[in-house]
Amino acid sequence: MLSVLAIGGSLRRDSFNRRVLQAAPALALPALQISVYDDLASVTLFSEDLEVPRAPAAVERLRHAVASADGVVIATPEYNQSLPGVVKNMIDWLSRGEPVAVEDKPVGILGVTPGAWGTRIAQSQLRHALTACGAIVMPMPQLYLRSAAELFDADGQLIDARTRDSLAAFLAAFAAWVHKVRGTAIQGRSA
Ligand SMILES: Cc1cc2nc3c(=O)[nH]c(=O)nc-3n(C[C@H](O)[C@H](O)[C@H](O)COP(=O)(O)O)c2cc1C
């Protein structure tokens, strides 16, 4: 069993990125236990002054959740052709502390937008920042989801068949990536 922490990089109530992650558990291999992190709003803006004597409780909870997961999946929106401040703020907190929670952590990145370009630029920047703090980001497949309004029903369920298939393939690849990074093999599959 692999535990995966899924973090949506939007605080919006009806966030498409969170909705994609909420669809993930039903599409993942049984060996993947996915929990969606829902407390990013409590993570205060980073300041080195707040690191001493210890980081705020919400930051410690986030770090603990990341550190204790076998892998982390981040779904990021794109704001102004960049990654949202909420996501960058989270990365900055996660890049600090002892030990650094994301160091050597297998991470998968995806993103969804109502626009046409699938959060390509935000994901590229997120990959860069995560790599800078020692995370081991899955190179492929990359999942750029566009035209978000067409992918969900009125209740926010992910109904687009192609997207569901792509997400399932992404999650299967991520399970293999976690095993590869950890140097273990999936039973019955070559990792
Ligand atoms: C300040 C701001 C800037 C945005 N810039 C972009 C952008 O550069 N590219 C893009 O695809 N969408 C952009 N959008 C639209 C977001 O993709 C859209 O609001 C999306 O639903 C946010 O993700 P969420 O649904 O998970 O909250 C922007 C939205 C906001 C509020």
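The values are calculated or read from the model by the stated rules, or taken from the named source; none is laboratory data. Just so it is clear, the model here is predicted, and its values are computed rather than measured. Cβ placement follows ideal geometry from the backbone for every residue including glycine, while neighbour counts extend to all protein chains displayed. Just the protein is used for accessible areas: all its heavy atoms, side chains included, with ligands, DNA and RNA removed. Shrake-Rupley method; radii C 1.70, N 1.55, O 1.52, S 1.80 Å.
Residues that are within 13 Å of the chain's Cα centre (by Cα), of a type outside the set (Val, Ile, Thr) and within 9 Å of the ligand (Cβ to nearest atom) within the range 10-45 comprise Ser10, Asn17, Arg18, Arg19, listed in sequence order. Here the range 166-184 is the region considered, the condition is being open to solvent by 10 Å² or more (accessible area, probe 1.4 Å) and touching an Asp or Glu at 6+ places or on another chain (Cβ under 8 Å), and the residue that is modelled with the highest pLDDT is Val181. If the condition is being surrounded by fewer than 16 Cβ atoms within 10 Å (Cβ to Cβ), part of a loop (DSSP other than H, G, I, E, B) and of a type in the set (A, V, I, L, M), then the range 129-165 contributes Met140, Ala154, Ile159. Of the strands (runs of 3 or more DSSP E) lying entirely inside the range 1-92, those containing at least 1 residues that are open to solvent by 40 Å² or more (accessible area, probe 1.4 Å) and under 23 Å from Ile159 (Cβ atoms) are 32-37. The criterion of being more than 16 Å from the ligand (Cβ to nearest atom) and under 18 Å from the mean Cα position of the chain (by Cα) does not hold for Gly183. So the check is Cβ under 6 Å with 6+ separation or different chains; which pairs have a first residue in the range 168-191 that's farther than 15 Å from Met1 by Cβ and a second one that's modelled with pLDDT of 95 or more and outside any helix (DSSP H, G or I)? Close Cβ pairs satisfying both conditions: Phe170/Pro141; Phe170/Leu143; Ala173/Pro141; Trp177/Pro106; Trp177/Met138; Val181/Pro106; Val181/Ile136. Can you pull out the residues in the range 103-128 that are crowded, with 22+ Cβ neighbours inside 10 Å, more than 13 Å from the ligand (Cβ to nearest atom) and not hydrophobic (A, V, I, L, M, F, W, C)? Correct list: Lys105, Pro106, Gly108.
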